[in-house]
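Participant: Would you mind keeping the following structure in view while I ask a few things?
The values are calculated or read from the model by the stated rules, or taken from the named source; none is laboratory data. Being a predicted model, the structure only gives us computed values, none of them experimental. Glycine also receives a Cβ, built like all others from the backbone with ideal geometry; neighbour counts cover every protein chain displayed. SASA here: full protein model, heavy atoms, side chains in, ligands and nucleic acids out. Shrake-Rupley method; radii C 1.70, N 1.55, O 1.52, S 1.80 Å.
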Amino acid sequence: VCGAPWCCHALALTISLFPPPQHEHRNKLSVCNKICYAVGGAPYQITGCALGFFLQIYLLDVAQLDPFYASIILFVGRAWDAVTDPTVGFLVSRSPWTRFGRMLPWVVLSTPLAVLSYFLIWFVPPFEEGKVIWYLFFYCIFQTLQTCFHVPYSALTMFISSEQKERDSATAYRMTVEVLGTVLGTAIQGQIVGMATAPCLPGPADIAAGLNSSLSVGLNASAPVISLDDTKTAYMIASGVICIIYVLCAIVLFFGVREKKESCRPRSEPMGFFQGIKLVMGHGPYAKLVMVFLFTSLGFMVRTALFECFSSSSQLSATLAIPFWQWFLTRFGKKTAVCAGSLSVVPFMILVVCMKSNLIITYIVSFAAGVGVAAAFLLPWSMLPDVVDDFQVQNPDSTGHEALFYSFYVFFTKFASGVSLGISTLSLDFAGYISRGCSQPEEVAITLKVLVSAAPIGLILIGLVILYWYPITEERRQGNRKLLQELRDEADSETDSTELVNMI
């Protein structure tokens, strides 16, 4: 730029007197930023909670589909994410940087269509022949659009700050809001639909016992008659309220979070779809963490799908327990926190099926179980940025794959939910579940006990065995953080020096 000796000396003097500024303050997130970021996680949890708790009942009792077709819709809808999640992650990783970032445009553009498709899931079409196709189509469409929202949102964690401490703190905010989102989803759907639930229908056992007449008299005398059309309207009203919340959360996220471009690490050359999948899934720590998350989340979702009546108590305790687990993981490590939280749930899962029916004790057990749920189900999300950092340290020339990492994580979350719903629905079908029945066969009660206790415990233990071999310890995590910070500081110094040279 300038070959004169005095120019070089001036440059050296300038750099020595005014060293490159520290960029730590750029990575600090305000409480408002963290809250706005956390609010973006609410739509996924609210809609997921409503679908997970009520779609099965809705398809069986309101849409009046056969249990077999209902299970097909639930399973295929979730399995569809086997295509959409990695595909969206791949497309996001290759999308160009805009003035709003690379992740946020996906969130904003997918919201209107996602809201529309979600509303149509809860609409009963005026025909019988194509009902199964109707629900399967809009369920799959919504899952695709929800993926276009949630995968970029999840990957946004890596772009709101390069400081590991700030990302962990933002993740804690996000977990708190997401748990509150599940409570909100249950409350909205449950309260609105609960006020317009159609009465049960007496089954063969009731008729054989001579209860048919007494049930009919009791229902007509004790409460106003609620038609099936009233129940259909209630489901549509609830879905409309949730759609409004969905849009508001997307707006708060877009205007309250600034996506930061990682200037010190330029993106590598784009690679093919299968090449990217092979690269990401071939990273050992990531593959192990995904398997841990799959089995533990599957265990909790099998239980949740059938134990919804006490979910509010568990979700409340999980919300209150998040600050404790945030302290616990900083004190003892993330791996230890997940293990301790998972094991703390097992005794309560056993107790809830062994004790006799007691509402107060059941709520206490459910509240205590929620404390463990916060660590075992939610904290693994805080481990994912560590895996991405580990990948970047081991593959410094391959960057820009954050969306792929998060896409598979989101996929296994949805896949576990779909499998749990499919298992529970088919199990109830095989056990002889009677839709809208006032009483159920004894086999149904036994099946429920297995699905809320034995099956989740087995799946959680499998996940913990895999967690034992998870290689990223606290020492390795801190080492990766220091290496990446040194790379950032070196790149920032070179950038600032170049700017000074251009100025001189």
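Participant: Residues in region 452-488 that are of a type in the set (A, V, I, L, M) and under 17 Å from V373 (Cα atoms): how many?
Facilitator: Qualifying residue count for the region: 10.
Participant: Could you check region 459-485 and list, in sequence order, the residues that are basic (K, R) and touching a residue at least 60 places away in the same chain (Cβ under 8 Å)?
Facilitator: Once the filter is applied, which keeps residues that are basic (K, R) and touching a residue at least 60 places away in the same chain (Cβ under 8 Å), region 459-485 yields R476, R477, R481.
Participant: Could you list, ordered by first residue, the pairs with Cβ atoms under 7 Å in which the first is in region 235-257 and part of a helix (DSSP H, G or I) and the second is among the polar types (S, T, N, Q), at least 6 apart or interchain?
Facilitator: The qualifying pairs are A238/Q189; I242/T47; Y246/T47; Y246/T111; V247/T111; A250/T111; G256/N33.
Participant: Next question. Considering only residues that are more than 13 Å from L464 (Cα to Cα) and open to solvent by less than 10 Å² (accessible area, probe 1.4 Å), which ones fall in region 286-299?
Facilitator: The answer is Y286, and nothing else.
Participant: Does D85 count as among the charged types (D, E, K, R), part of a helix (DSSP H, G or I) and open to solvent by less than 10 Å² (accessible area, probe 1.4 Å)?
Facilitator: In short, yes.
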